[in-house]
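Nothing in this text is a laboratory measurement; each read-out follows from the coordinates by a stated rule. For clarity, every value in this text was computed on a predicted model and none was experimentally measured. Cβ sites come from the backbone with ideal geometry, for glycine too, and all protein chains shown count toward neighbours.
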Amino acid sequence: MIVESAAPADLDHLLAFREEAAGWLTALGSDQWARPYPADKLLATIEAGTVFMLRDGSQTVGTITLTPDAEDGLWTPSELREPARYVNKLTVSRAYAGRDIGGRLLNWAGTRAASQGARWLRLDAWTTNERLQRYYVDHGFRHVRTVREGGAVNGGPRVSGWIAQRPAVAAAHGFEDSTVVGEGETLGSRR
């Protein structure tokens, strides 16, 4: 399997991935991702070079967004001064479920973050999705705190305020990496 940078042509596929994941989450009793994600915002993240696709031949297996930018209101000023990368929108096709693809994508993200000088790999998760929170803890993340206020609408409750981090270090993931790290250089690693 190979990790590639997403292209604008991947937008429809990414939106379909999001719908598939939302349906699965709803079946589990979670309201996570119940609202459709705005296509223009997703396209902007693709164009910013922060969205990555995992492919198995012609099949798209998963996606992860890895950015140097933290979501507003989650991390303290002191924490924001520490070099970090932030994981968002980790999604794996249900056809590939149960193979720890998500865990391996997190390892890929940690490897990439470390190569970019980050100390931490950080994320925020749905505040009420305890199953997802356990998943991240099981994959080496340490819960930092849960931010409940400061949501996008009138400073109300935040729905994705469970925050966690783990050290950004190179870790085995087993993927070929064809993404650009900087100045045209690819990681090109299979760890």
Next item on the list: Neighbouring Cβ atoms within 10 Å as the yardstick, rank Tyr96, Tyr136 fewest first.
Entry: Tyr96, Tyr136
Item checked: Vicinal HN-Hα couplings computed from phi for the stretch 129-136 (Karplus, 6.51 cos²θ - 1.76 cosθ + 1.60; Hz; Gly/Pro x) -> 8, 5, 5, 5, 4, 4, 4, 5
Checklist line | Long-range HN-HN contacts of Ala84 with modeled amide H, under 5 Å | finding: Arg119, Trp120
Notebook entry, point to check: Ranking Val137, Val87 by Cβ neighbours within 10 Å, fewest first, what do you get?
Noted result: Val137, Val87
Next item on the list: Would you order Met53, Met1 from fewest to most other beta-carbon atoms within 10 Å of each residue's own beta-carbon?
Entry: Met1, Met53
Next item on the list: Along Cα→Cβ, 7 Å out, is where each label goes; now give me the distance between the ones at Thr67 and Ser115 in nm to one decimal.
Entry: 2.2
